[in-house]
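Working notes, structure below.
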Amino acid sequence: MIELEGLTKRYGEKVAVNHLTFSVRPGIVTGFLGPNGAGKSTTMRMMLGLDRPTAGDVRIDGQHYDRLKDPLKYIGALLDAKAMHGGRSAFNHLLCLAQSNGIPSSRVHEVLDTVGLTSVAKKKAKGFSLGMGQRLGIAGALLGDPRILMFDEPVNGLDPEGIHWIRNLMKALAAEGRTVFVSSHLMSEMALTADHLVVIGQGRLLADTSMADFIEQNSRSYVRIRSPQRERLLDVLHSAGITVVQAGAETLEVDGGKAERIGELAAQHHLVLHELSPQQASLEEAFMQLTAESVEYHAHSGGAPSPAGAPAAPSPAPAPGQWGDGWKEGRS
Amino acid sequence: MTAAQVIRSEWTKIRSVASTVWTLGLAAVVTIALGALISLLLKNQWSDLSEKDRLSFDPTYTSFAGMSLGQLAMIVFGVLVVSNEYSTGMIRTSLAAVPQRGTFLASKLVVAAGLAFVVGVVTSFAAFFLGQAMLGDHSTSIGDPGVLRAVIGGALYMTLIALFSMGVASMLRSPMLSLGILMPFFFLISNILGAVSATKKIGRYLPDQAGSKIMQVVTPIDNDTPYGPWGGLAIMVAWVAAALLGGYVLLKRRDA
């Protein structure tokens with residue numbers, strides 16, 4: 001269990017992490033999602049006592065990180081695959097970590113075996129590929145057999161086989177009742193692994209919701225219609241009792257899967273249709289829309305492709321914690 | 001978490017990187033070989049020396065002539081032991097494993113200083129005996145007054161140089177910046193300040209000049225240095241303590 005309360009980090013004027021309050025529960029994979037620069041890594045570093053919070057508090061199993069006796073036995077973290085001395089062998093890298101926390105050296109062999117690096121244990125880490133470095137970092141996280149595991153962007157730069165391996169590892173660790181907290185900037189990746197979602201943007205909490213809820217709220221299916229005779233079409237659909245949302249000059253959208261019915265209605269009334277297409281809003285779009293206002297580095301090309309007609313990105317302000325709820329109400 | 005665990009861990013760290021071997025090896029080889037070479041040259045040119053030079057000739061200090069160059073390798077050792085953590089990113093992994101930063105730094109210092117002292121003792125004795133063998137008729141013996149103190153002092157000097165470098169590297173974090181300041185300081189600036197008469201009085205309070213007094217047995221004739229061998233070492237210890245305190249305070253306060 002990791003608990004954050006009003007966690008804040010300021011660098012001069014810039015607020016990197018803004019009053020974050022949430023907790024990470026055991027037995028599930030919690031995804032920590034946000035665009036680049038949202039403050040994910042800073043938050044994780046504060047959890048590990050590496051960065052000092054400007055305000056607020058973070059506790060691991062009720063204790064401050066630096067109060068933990070042998071912290072690797074409580075929480076294992078992969079922060080950066082390259083956070084190791086390249087001249088040291090994989091075995092010695094893990095051995096020095098193990099010794100500092102009173103972990104027997106036999107455990108080093110075990111975790112090397114778990115991550116599949118036994119054959120290169122005596123090799124220097126600088127010769128490792130990104131994937132191997134990532135595996136070594138994960139071996140370090142697993143070293144103390146901790147109840148809490150934290151991974152910062154673990155799939156970055158991995159090949160499909162490595163990604164598959166990490167996904168299954170995280171699920172297996174959660175299934176053993178451990179707390180698994182994993183950050184990513186890819187919604188699609190989280191959709192495959194996480195049971196719970198914490199979304200931040202510009203350091204603020206945007207959502208704290210279960211993955212199932214998030215999918216239910218966001219996998220909106222609708223029909224997109226383009227017609228030169230838009231006004232007449234609107235009347236026809238309206239009198240047929242179909243709710244229509246106007247999206248753009250020529251485009252209309254209708255929630256639900258009513259494409260056949262709309263096509264038949266248009267034919268009856270001799271209306272020209274240029275497009276009649278069932279659409280599915282992706283989770284990625286939903287995520288981008290959620291964070292659109294908080295993305296730090298915009299590519300100025302019209303912003304995120306938003307499924308038009310959906311409620312506007314939530315306005316800022318409500319108290320943290322209720323943010324996700326407010327957002328969910330807005331969507332339903 | 002106990003200090004013993006962290007010390008074991010730091011020992012594993014220091015023995016498992018190549019830079020430890022080559023920096024300490026170079027410090028020993030350069031100090032010993034250069035000391036022996038200069039001792040041999042002096043013996044061969046004895047007849048050319050002035051009367052004054054002969055009177056104030058210090059066979060012990062002469063055999064330590066390689067120290068001025070050998071200490072540069074010791075500086076590299078001290079800087080790399082600390083700054084490697086930062087330049088490789090290992091520091092985040094290290095501090096996540098050992099969040100008590102005071103214990104972390106102290107353990108690192110104990111291990112590195114212990115190792116530097118062992119290398120220093122071996123180097124110092126080897127440089128002395130080899131140097132004396134080269135000096136032949138002009139040599140001194142380990143049993144003469146002040147000689148053993150000077151030889152053990154040589155080992156202490158090397159250890160303190162390494163510790164000072166570790167303190168500076170703890171403050172600056174970057175290996176290039178640390179070496180870029182320490183190398184010219186010890187190799188050039190300190191020597192220049194010590195040689196120019198106007199700055200001599202300041203120069204002799206610099207860590208290396210004060211500290212190297214411990215390796216002298218014969219006091220130069222026109223000596224007006226206001227401290228003795230142990231006084232000089234104490235001045236050097238004060239510099240080292242200041243550097244380490246600065247390193248500790250910054251490590252404690254900074255984000256990793």
Exercise. Quick one: what Rg and Dmax do you get for region B:35-192 from the alpha carbons, in Å?
Worked result: 19.0, 64
Exercise. Expressed as a rounded percentage, what relative contact order does region B:3-253 have, with Cα pairs under 8 Å and six or more residues apart?
Worked result: 25
For this session: Quick one: how many lysine pairs does region B:3-253 have with C-alpha atoms less than 27 Å apart and a gap of 8 or more or different chains? Give me the count, please.
Result: 10
For this session: Compute the Kirkwood hydrodynamic radius of region B:120-256, taking the inverse of the mean of 1/r over all pairs of distinct Cα atoms, and give it in Å to one decimal.
Result: 16.4
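Could you grab the relative contact order for region A:39-134? Cα pairs under 8 Å, six or more apart, rounded to a whole percent.
Relative CO of region A:39-134 lands at 27 percent.
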Exercise. Could you give me the ³J(HN,Hα) list for region A:41-47, computed from phi with Karplus coefficients 6.51, -1.76, 1.60 and θ = phi - 60°, whole Hz, x at Gly and Pro?
Worked result: 5, 4, 4, 5, 5, 5, 4
Problem set entry | Degrees separating the helix A:230-239 axis from the principal Cα axis of chain A, which is the longest one | 90
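Count the DSSP beta bridges whose two residues both fall in the protein assembly as shown, then state the antiparallel fraction as a percent rounded to the nearest 5. Present the calculation step by step, with values, prior to reporting the outcome.
Numbers: 33 of 51 bridges.
Bridges in the protein assembly as shown are about 65 percent antiparallel.
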Exercise. When all alpha-carbon pairs of region B:139-220 are counted, what percent fall beyond 19 Å?
Worked result: 49
Seminar exercise, completed: One point scatterer per Cα, no solvent, Debye formula: log10 I(q)/I(0) for chain A at q = 0.10, 0.11, 0.16 Å⁻¹ comes out as -0.67, -0.77, -1.29
Problem set entry | Euclidean distance of C-alpha centroids, region A:154-197 and region A:109-151, integer Å | 16
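Please figure out what share of the DSSP beta bridges in region A:2-216 is antiparallel and state it in percent, rounded to the nearest 5.
Roughly 55 percent of the DSSP beta bridges within region A:2-216 come out antiparallel.
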For this session: On each of the three principal axes of the Cα atoms of the protein assembly as shown, give max minus min coordinate, whole Å, ordered largest first.
Result: 124, 53, 38
For this session: List the relative contact order of region A:2-216 as a percent without decimals, with contacts defined as Cα pairs under 8 Å and 6+ residues apart.
Result: 31
Exercise. Based on the Cα gyration tensor of region A:221-280, what are the three equivalent ellipsoid semi-axes, each the root of five times an eigenvalue, rounded to whole Å and given largest first?
Worked result: 15, 13, 11
Problem set entry | Cα centroid of region B:175-204 to Cα centroid of region B:107-160, whole Å | 23
For this session: Hydropathy first: keep DSSP H helices in chain B averaging at least -0.5 on Kyte-Doolittle, then drop any whose Cα extent along the axis falls short of 15 Å, and list what survives.
Result: B:3-15, B:18-44, B:67-88, B:101-135, B:147-172, B:229-253
Problem set entry | Cα-based Lys proximity count in chain A, under 28 Å, for pairs eight or more positions apart or on separate chains | 28
Seminar exercise, completed: With DSSP loop assignment and no more than 14 other C-beta atoms within 10 Å, the GluC sites (Glu not before Pro) in region A:1-62 are A:GLU13
Exercise. To the nearest Å, what is the center-to-center distance of region B:226-240 and region B:50-66, using C-alpha atoms only?
Worked result: 22
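Just so you know, all these numbers are worked out from the coordinates, no wet-lab data involved. Worth saying up front: this structure is predicted, and the values here are computed from it rather than measured. Ideal geometry is used to build each Cβ from the backbone, glycine not excepted, and the neighbour counts take in all protein chains shown.
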